[in-house]
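Take a look at the structure set out below.
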Amino acid sequence: MRLRVLLCLFLSALGAGTVQAQVLKLAANERLAEQFVASRLLKAIYAQAGLGLQIESMPAARASLETVQGLRDGEVARIAAYGQRNPELIRVATPYYHLTSQAFWMKSRQLAVADRGDLRRYSLGSIRGVAHSTELIKDHPAVTLTKEPLHMFRMLRAGRFDLTLDTGINGQYLIARHHWYDIESSPELARLDLFHYLHPRHAALAPRIDQSIRQLRDRGELERLRSQAEAELLLVDLDTFTGLQK
């Protein structure tokens with residue numbers, strides 16, 4: 001009887017171990033609204049794929065370095081051009097979110113930015129290591145790089161440069177949260193898909209995650225989750241938000 005009980009306990013423990021989800025440790029660019037939304041979406045995507053995830057928010061340049069070096073299992077969301085600059089990383093084929101690039105300036109300056117060609121007439125503030133901004137500031141003669149968006153917008157308000165570059169959703173988040181209604185924004189300068197990236201050691205998981213994205217998209221669940229996460233934004237302090245915490 002004792003042997004039978006021990007055998008049952010052993011088989012139960014073995015069974016629990018086999019169904020435990022694999023957990024990946026991912027990096028997200030800190031203090032960015034689109035990364036908050038993407039983290040929410042990716043949590044659902046991973047659950048659909050039978051995977052677990054842990055997300056740590058950090059500066060964009062550090063997120064890239066740690067992922068390339070293998071200290072992280074992947075990154076939550078980056079644009080396609082990021083993968084072209086880091087070809088060793090594995091891009092999950094189907095995009096699951098998007099971002100828009102916009103310029104922001106003080107209304108009192110009465111500036112005019114209709115397209116990306118107008119940027120060369122002004123000095124710019126940009127966030128270091130953020131791929132969509134890197135594309136816009138290439139070969140620009142007057143760029144100030146900052147570590148994070150809140151500091152960048154405060155520098156804009158202090159007159160340190162003419163324009164800031166940010167995603168539309170993040171810029172509007174900061175304007176609304178801090179009541180900075182004296183800031184104007186441009187039309188969309190770019191609209192870019194966001195992809196999930198994995199370290200090469202997890203290449204075998206890419207098709208599985210891609211299938212989950214397509215299943216959630218086709219059922220309309222991805223769009224519902226996107227709307228829900230974007231609605232939550234103003235209730236979240238992105239300065240203290242880390243990973244998947246509420």
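Just so you know, all these numbers are worked out from the coordinates, no wet-lab data involved. Just so you know, these numbers come straight off a predicted model, no measurement behind them. Note: ideal-geometry Cβ built from the backbone for every residue, glycine included; neighbour counts use all protein chains shown.
Spin-label model, Ala47/Leu235: points 7 Å from Cα along the beta carbon direction are separated by 1.6 nm. Taking Cα atoms only, the orientation of helix 206-218 departs from the longest principal axis of the chain by about 70 degrees.
With helices as the sole contributors, the chain gives -12500 deg cm²/dmol at 222 nm; each DSSP H run of n ≥ 4 counts as -39500 (n - 2.57), and the sum is divided by every residue. Using r as the Cβ-Cβ distance of Asp218 and Leu65, and R0 as 35 Å, what FRET efficiency do you calculate, to the nearest 0.05? It comes out at approximately 0.50.
Just want the answer: with Cβ charges of +1 for Lys and Arg and -1 for Asp and Glu, which residue in Ile169, Ile55, Val236 is farthest toward the dipole's positive end in the chain? With unit charges placed on the Cβ atoms, the residue in question is Ile55. In units of the rule-of-thumb radius 2.2 N^0.38 Å, region 94-246 shows an alpha carbon radius of gyration of 1.17. Do you know the relative contact order of the chain, to the nearest whole percent, from alpha carbon pairs under 8 angstrom that are 6+ apart? Reported as a whole number, the value is 31 percent. Angle, helix 33-49 long axis vs. longest principal axis of the chain, Cα atoms, 0 to 90°, nearest 10? It works out to around 20 degrees.
For His140 and Gln20, the FRET efficiency from 1/(1 + (r/R0)^6), where r spans their Cβ atoms and R0 equals 35 Å, is about 0.10. Protection proxy ranking, highest mean first, for peptides 38-49, 206-217: 38-49, 206-217, where packing is the per-residue count of other beta-carbon atoms within 10 Å, averaged.
Protection proxy ranking of 23-36, 107-120, by the mean of other Cβ atoms within 10 Å over each peptide's residues and highest first, is 23-36, 107-120.
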